[in-house]
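Have a look at the structure below, then the notes.
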Amino acid sequence: MLRGAVTPVVISGAGDVFVMKMYYAAHGDYEMNNHVVDYEQDRRIGWEPAAGRGHPDGPDDAGASRWGHRWSYELTPDGPDATIVTESYDCSRARVAWLTCGH
């Protein structure tokens with residue numbers, strides 16, 4: 001699904017938004033606007049997606065809200081040249097229409 005970044009800017013904190021190019025057979029090409037909600041440099045990033053350009057739910061800037069899903073990466077140093085990455089997915093804040101986490 002993931003095709004690459006649209007925004008080249010380095011994340012600097014909560015409140016930033018990064019846009020990713022996506023592809024899904026049922027939707028075709030589209031973008032997701034990812035709102036950073038948790039950030040600690042070199043340790044943690046958490047974001048909530050919202051529909052972007054080309055997404056069937058409509059673009060975020062046209063009034064679509066975030067869905068309440070949250071993805072996070074926790075980074076834990078593991079020696080001089082290694083990092084353990086823990087991915088988390090939380091749909092407990094999802095809108096009622098999206099409560100099935102597999103949507």
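The values are calculated or read from the model by the stated rules, or taken from the named source; none is laboratory data. This structure is a prediction, so every number in the text was calculated from the model and none was measured. Note: ideal-geometry Cβ built from the backbone for every residue, glycine included; neighbour counts use all protein chains shown.
Details
- Residue in segment 10-26 that is part of a loop (DSSP other than H, G, I, E, B) and modelled with pLDDT under 85 present: no
- Test: residue in segment 60-82 that is at pLDDT 95 or above and aromatic (Phe, Trp, Tyr): yes
- Any hit, segment 35-49, residues being free of Cβ contacts under 8 Å to residues at least 60 places away in the same chain, surrounded by fewer than 16 Cβ atoms within 10 Å (Cβ to Cβ) and small (Gly, Ala, Ser): no
- Selection from segment 8-33 of residues that are without any contact (Cβ under 8 Å) to a residue 24 or more places away in the chain and in contact with a Pro (Cβ under 6 Å, 6 or more places away or on another chain): 32
- Extreme residue, surrounded by the most Cβ atoms within 10 Å (Cβ to Cβ), among residues of segment 83-93 that are under 14 Å from the mean Cα position of the chain (by Cα) and at pLDDT 95 or above: 88
- Of the criteria (1) under 14 Å from residue 70 (Cβ atoms); (2) in a strand (DSSP E or B), which one residue 4 fails: (1)
- Where a residue in segment 75-87 is at positive phi and its partner, wherever it lies, is not basic (Lys, Arg) and not in a strand (DSSP E or B), with Cβ under 6 Å and at least six apart: none
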